[in-house]
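Enquirer: One structure follows; several queries about it will come next.
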């Protein structure tokens with residue numbers, strides 16, 4: 001309706017999928033920009049007083065919430081809501097929503113890209129070939145068929161990663177005390193130490209909480225099989241990075257693949273850059289062509305659902 005001011009919606013990023021923007025056509029959408037600072041988001045929150053924030057990059061805490069008195073919902077463009085201060089939101093009556101499952105296929109595929117790159121030494125062999133070497137007589141890759149895959153966290157991503165392991169002929173075990181069901185063919189274990197001891201490959205698919213922050217430290221990494229592979233496409237805070245660097249350089253682990261880090265973007269220079277049996281990617285596991293649309297649409301629908309409920313309850 002002409003003359004009626006549209007409610008404001010703030011995106012902590014520089015774009016959304018066209019399909020998501022179409023759903024949000026009744027809002028005045030403002031983009032804070034890629035890698036937007038807390039100060040930028042804070043200033044825009046004060047200026048626009050949004051009813052909703054869609055979080056793509058950065059964190060949203062109490063200060064930003066208090067800068068937007070009209071704020072009713074914070075919607076994550078993805079599944080990991082650890083970047084939102086959920087306690088502060090609850091105290092202010094602000095709903096926090098995640099686009100659950102929207103990027104599950106993309107993240108599970110990326111976890112497997114890292115597992116296979118580690119087991120088959122793909123980046124290393126590519127570098128050697130480009131340098132003029134032919135390592136056919138000296139290199140042996142790790143065959144995963146018949147080996148044990150340990151999945152930590154049986155949400156949608158973990159279940160997809162487990163299914164791929166089964167398809168490749170692996171023995172798949174998993175730990176998730178909150179899982180309501182275990183996929184066929186997957187064997188649940190009672191505790192993490194058992195999973196670490198038995199797994200040739202460990203893949204992390206659990207959310208980051210204050211309880212599990214730094215759960216992979218020197219003590220827990222020492223429980224791994226000698227020569228195991230570790231892959232993390234979940235959250236960097238799950239791993240004590242100096243402890244992992246040590247386990248890779250002293251030969252305890254064969255290789256590791258990381259898509260998330262304690263500090264993002266990863267600080268440069270960083271010790272990880274000098275570890276040849278460590279494969280790095282810049283937290284892009286959930287960033288695929290399809291996931292970009294799915295996450296945007298999921299985040300937009302979550303905003304609409306909360307605001308419709310809010311209007312209905314008035």
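The values are calculated or read from the model by the stated rules, or taken from the named source; none is laboratory data. As the structure is a computational prediction, the values presented were derived from the model and not from experiment. FYI the Cβ positions are ideal-geometry reconstructions off the backbone, even for glycines, and counts take in every protein chain you see.
Enquirer: Find the residue count for segment 227-253, including only residues that are in contact with a helix residue (DSSP H, G or I) (Cβ under 8 Å, 6 or more places away or on another chain), more than 19 Å from residue 142 (Cα to Cα) and assigned to a helix (DSSP H, G or I).
Expert: The qualifying residues number 6.
Enquirer: Okay, next question. Only one of these conditions is not met by residue 44: (1) surrounded by 15 or more Cβ atoms within 10 Å (Cβ to Cβ); (2) without any contact (Cβ under 8 Å) to a residue 40 or more places away in the chain; (3) under 28 Å from residue 237 (Cα atoms). Which number is it?
Expert: (3)
Enquirer: While we're on this one: Report yes if residue 284 is closer than 22 Å to residue 161 by Cβ and surrounded by 16 or more Cβ atoms within 10 Å (Cβ to Cβ), otherwise no.
Expert: Numbers: closer than 22 Å to residue 161 by Cβ: yes; surrounded by 16 or more Cβ atoms within 10 Å (Cβ to Cβ): no.
No; evaluated as a whole, the condition is false for this residue.
Enquirer: Still on this model: Restricting attention to segment 284-311, report how many residues are modelled with pLDDT of 95 or more and within 14 Å of residue 97 (Cα to Cα).
Expert: 13
Enquirer: Could you please let me know if residue 208 is out of contact with any strand residue (DSSP E or B) (no Cβ under 7 Å at 6 or more places or on another chain) and surrounded by 17 or more Cβ atoms within 10 Å (Cβ to Cβ)?
Expert: yes
Enquirer: Pairs only if they're at least six apart or on different chains, beta carbon under 6 angstrom, first in segment 104-132 and on the phi > 0 side of the Ramachandran plot, second modelled with pLDDT under 95 and surrounded by 21 or more Cβ atoms within 10 Å (Cβ to Cβ); list them, first residue then second.
Expert: From residues that are on the phi > 0 side of the Ramachandran plot, there are no pairs.
Enquirer: Still on this structure: Of the conditions (1) surrounded by fewer than 17 Cβ atoms within 10 Å (Cβ to Cβ); (2) without any contact (Cβ under 8 Å) to a residue 40 or more places away in the chain; (3) within 24 Å of the chain's Cα centre (by Cα), residue 74 clears all except one; give me its number.
Expert: All conditions pass for residue 74, except number (1).
Enquirer: While we're looking at this one, here's another question. Does residue 84 qualify as being buried (at least 17 other Cβ atoms within 10 Å of the Cβ), in contact with a strand residue (DSSP E or B) (Cβ under 7 Å, 6 or more places away or on another chain), within 19 Å of residue 56 (Cα to Cα) and modelled with pLDDT of 95 or more?
Expert: In short, yes.
Enquirer: Next question, about the same structure. So residue 194 fits all but one of (1) surrounded by fewer than 20 Cβ atoms within 10 Å (Cβ to Cβ); (2) free of Cβ contacts under 8 Å to residues at least 40 places away in the same chain; (3) more than 18 Å from residue 149 (Cβ to Cβ); what number is the exception?
Expert: (3)
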